[in-house]
Structure formats: structure tokens, C-alpha cells
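Quick notes on the structure that follows.
Only the coordinates and a few stated rules stand behind these numbers; no lab work does. Keep in mind that this is a model prediction, so the values were computed, not measured. Counting neighbours? That spans all protein chains shown, and the Cβs are built from the backbone with ideal geometry, glycine included.
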Amino acid sequence: MRKTVLITGGSRGIGRVTAMRLLLDGYSVAFTYANSSEAASRFEAEAGNPLLADGPRVAAFQGDVRDPVRNEQIAAEVMERFGSIDALVNNAGIRRDALMYDMTNDSWREVMETNLDGAFSMTRAALPMMMRQRSGAIVNVASLSGLHGVVGQTNYSAAKGGLIAMTRSLAREVARSGIRVNCVAPGLVETEMTGDLSAEVKKELLRSIPMRRTITPDEVAAAIAFLISDDAGGITGQVLCVDGGASA
Ligand code: NAP
């Protein structure tokens, strides 16, 4: 039977490119989004692409990842529609940068609730299905900011660092149930999330990347696809940096 992957935040950016990559790799893909209903419907329609000849294998689910009740509903709906959840990609994320003395409680909480709490509650929602089938792969999309300090990102760094720590503990908890849990940690990727960075800031960031270039969403998607696949069967609790050498 075809395997099913659930991806949070699949309407745009890295999540969307990963969803397409996984469809082409032969998975069925369920993805969530918060606001981009038009982009989500367009992407669902693209499943009619001749490359994906054997019918629609993609389904979009509206839901704010910060809502644990909705996450439970989505996991149940994906089970009903596809029959299994074989892999989960916790990708939905936001940044709300500010220096600490200027950071509001709201922007701290919003970043923690989206990047960390959301990954927790979606994982908890999908885990019982994986435990029952005694197999599964979870990939959490962290960030270089979760490993290294970044000025203006205390909230984002804390959330992504927490996600990495959660990954390691959960990997130990569920290894004997046949479930692997890993992270990818992208460096600077050109998506809408980083679209607000000025040319000056980008130039400065590029200087800190040994490859002197940004990472493409396809390169992150390839790392996620690898970690989900049986080729990564012996790998759990790890952080795979896709950052042009910035963490080396
Ligand atoms: P993006 O282009 O801004 O896309 C973000 C995705 O997350 C969208 O699909 C969005 O849905 C979804 N999302 C945001 N808040 C949500 C919520 N509350 N509930 C459900 N979905 C929500 O961002 P991206 O660059 O692809 O980033 C994807 C992941 O990679 C994030 O976790 C980010 O932290 C991480 N990352 C990105 C970079 C980078 O340089 N871009 C670097 C390191 C790590 P809507 O379209 O409905 O808003």
C-alpha cells in the first residue's frame, strides 16, 4: 500500500516543495495550512499533473497548528481518507524577529506556540497511529537558529532549540516502537519567510555561509525525503543541517 505523509504548512515555501517532492517519490500527501486557502486548493488541483497519473493523492486540511483539538481532528481525518499516517513532517513555522528588549509577549508566545507547541500537539495526535502500526518517521523542521545564537531571534532560537531537544528525547522514547524521529536544520532559504530581509542583511548573512549562497527549498525537501525513507532506517534522534556549511 502507498505510504502517507502528513506535512504541516504545505501551502507555501519549504512545505509545499517537500509535498511535491514526496508526491513524486510515490507517497500520498496530506498537508495543512492556516490561511492560504487559494494556494492550498491550487496545489491540490496540481495533483492532476500527468506525472502523478494514478489519481489524486494529495489532500489539504485547513487548521491552525496552534490548536491541539484541530490537530487531533486532522490526524483522524487523514486516517479516514488515506488509511495510515506513515510519516509526519512538522514544518509549519513563523518568525517574529525583535531584539529582546523590544520583544512583546505576543510575539514570543506566537513563535513558541507555532514552531514548538504545534509540533508537539501534531506529533501527539499522529503518534498513536504510528505506535499501532509499529512503524513511522517524524521529521521536524528546525533551523540553524536552534543550534547557534542569532541576534533578534531569541524567540525563534528558543522554539527551534526546543524542537531539537524534543526530537532527541522522543527518538529515545519511541525507537522500540519502530518510529524514527529526526530534524532538518536549514540555513538561509529563500521563501516568503525570509522575503522581508533587506539586501544588506542578506549580504551580511551570505558572508557567514561557506558556500556563499542560499539553500533552495528543493535541497531541504531532499533531506526531509531522505530522513523519511527506508534509506535512513538506522538514523534517529539526529539533526541534519542543510546550511551550506554555516554550522561547520
Ligand atoms: P513560509 O514560506 O512562510 O511558509 C510557512 C508555512 O507554514 C505556510 O504553509 C503557512 O501556512 C504555514 N503556517 C504558518 N503558521 C501556521 C499555523 N499557525 N498553522 C498552520 N500552518 C501555519 O516559510 P518557510 O520558509 O517555508 O519555512 C518552513 C519551515 O522551515 C518553518 O518551520 C521555518 O521555521 C523553517 N526554516 C525556514 C528557513 C528559511 O530560511 N526560510 C530557515 C530555517 C528553517 P499559510 O500559507 O496558510 O500561512
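A few notes on this one:
- Each other residue within a Cβ distance under 11 Å of Phe82 adds +1 if Lys or Arg and -1 if Asp or Glu, for a net charge of +1.
- The overall shape of region 65-202 is prolate: from the C-alpha gyration tensor, with semi-axes ordered a ≥ b ≥ c, the ratio a/c is 1.5 or greater and a/b exceeds b/c.
- The aspartates and glutamates within cross-link reach of Lys203, meaning a Cα-to-Cα straight distance under 20 Å and a gap of 8 or more places when in the same chain, are Asp97, Glu190, Glu192, Asp243.
- GNM result for the chain, Cα springs below 10 Å: residue of Gly233, Gly63, Gly161 fluctuating most strongly: Gly233
- Cut-off under 5 Å, modelled amide H: who pairs with Val242 long-range: Ala185, Gly187
- Exposure proxy order (Cβ contacts within 10 Å, fewest to most) of Met166, Met100: Met100, Met166
- Pair Arg168, Gln133: separation of 7 Å Cα→Cβ label points (nm): 3.0 nm
- Label sites at Thr216 and Lys202, each approximated as a point 7 angstrom past Cα along Cα to Cβ, lie 1.6 nm apart.
- Estimated vicinal HN-Hα couplings, Hz - region 84-93 in sequence order (Karplus 6.51, -1.76, 1.60; Gly, Pro = x): 7, 10, 8, 8, 10, 10, 7, 10, 4, x
- Taking amide hydrogens as placed 1.01 Å from N in the peptide plane, the amide H of Ile215 sits under 5 Å from those of Leu188, Val189, Glu190, each at least 5 positions away in sequence or on another chain.
- At least 24 Å along the helix axis (C-alpha) and Kyte average at least -0.5, DSSP helices within the chain: 154-174
- Cβ charges +1 (Lys, Arg) and -1 (Asp, Glu), total dipole of region 20-149, debye: 340 debye
- Candidates Arg213, Arg42, Arg16: whichever shows maximal mean-square fluctuation once the chain is modelled as a Gaussian network with Cα springs under 10 Å: Arg42
- Estimated distance in nm for a label pair at Gln62 and Arg109, the labels positioned 7 Å out from Cα along Cα-to-Cβ: 2.4 nm
- The GNM of the chain, with springs linking C-alpha atoms under 10 angstrom apart, assigns the highest mean-square fluctuation among Tyr27, Tyr156, Tyr101 to Tyr101.
- Distance between region 218-248 and region 175-217 - C-alpha centres, whole angstrom: 13 Å
- Amide N proximity, region 93-115 versus Met193 label position 7 Å along Cα-to-Cβ, cut-off under 11 Å: 93-96, 115
- Measuring r between the beta carbons of Ala175 and Phe226 and using R0 = 25 Å, the FRET efficiency lands at 0.85.
- Distant-in-sequence amide H partners of Phe61 (H built 1.01 Å from N, under 5 Å): Phe31, Thr32, Tyr33
- As a length-normalised measure over Cα pairs under 8 Å and 6 or more apart, the relative contact order of region 1-144 settles at 26 percent.
- Taken over the alpha carbons of the chain as equal point scatterers, the Debye sum produces base-10 log I(q)/I(0) values at 0.09, 0.13, 0.15 Å⁻¹ of -0.36, -0.77, -1.03.
- Helix-only mean residue ellipticity at 222 nm for the chain, each DSSP H run of n ≥ 4 adding -39500 (n - 2.57), per residue, nearest 500: -13000 deg cm²/dmol
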